[in-house]
1. Yes or no: ASP99 in contact (Cβ under 8 Å) with a residue 24 or more places away in the chain, out of contact with any Phe, Trp or Tyr (no Cβ under 6 Å at 6 or more places or on another chain), among the acidic types (Asp, Glu) and farther than 14 Å from ASN122 by Cα?
2. Restrict the check to the range 66-86 and report whether at least one residue is surrounded by fewer than 16 Cβ atoms within 10 Å (Cβ to Cβ), part of a strand (DSSP E or B) and among the acidic types (Asp, Glu).
3. Find all pairs meeting these conditions: Cβ atoms under 6 angstrom apart; at least six residues apart or on different chains; first residue within the range 79-93 and closer than 21 Å to GLY64 by Cα; second residue in a loop (DSSP other than H, G, I, E, B) and among the polar types (S, T, N, Q).
Amino acid sequence: MKSKLSSGKNMIKNMTIGTFTTTFFLLVFSFTDIQNMYAGFSNVYSCDSVKTKLVNGNVIDGFGYAVIGAKVKIKGKKEKETLTDSDGNYTIKVNSENDILIFSYPGCITKEIKVGKKEEINVELKIDRGK
């Protein structure tokens with residue numbers, strides 16, 4: 001009877017050690033994963049490297065009329081674009097003074113303007129008469 005009792009104690013002891021080891025491994029693994037994820041994101045999205053600002057303005061045609069539905073996008077960033085409203089107004093969020101806005105509309109000459117320190121950029125799109 002004593003052998004069954006001692007083997008039972010050893011089994012419980014081994015299970016406890018196994019559970020502790022498994023729990024410890026999961027905690028360390030999880031902590032390491034979190035550190036790695038944070039390290040990856042901190043380089044890309046640190047507060048110092050991303051300073052967004054809103055740029056707004058108005059897009060008109062060569063006759064001074066609002067261009068409705070003109071596309072305004074940041075050069076090289078497909079996901080960053082907007083359209084002008086019924087008055088030709090737009091607002092877009094930029095990440096850098098080096099960003100370049102591209103203004104386009106079918107039948108008009110596309111225009112590119114560097115944002116710089118400007119917070120308002122008004123644009124006149126000329127009709128593309130073909131060359």
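1. yes
2. Looking for residues that are surrounded by fewer than 16 Cβ atoms within 10 Å (Cβ to Cβ), part of a strand (DSSP E or B) and among the acidic types (Asp, Glu), one finds at least one in the range 66-86, hence yes.
3. TYR90/THR84
Throughout, read-outs are computed from the coordinates displayed, never taken from laboratory work. Note that this is a predicted model, so its numbers are computed, not measured. With ideal geometry, Cβ positions are generated from the backbone for all residues, glycine too; neighbour counts draw on all protein chains shown.
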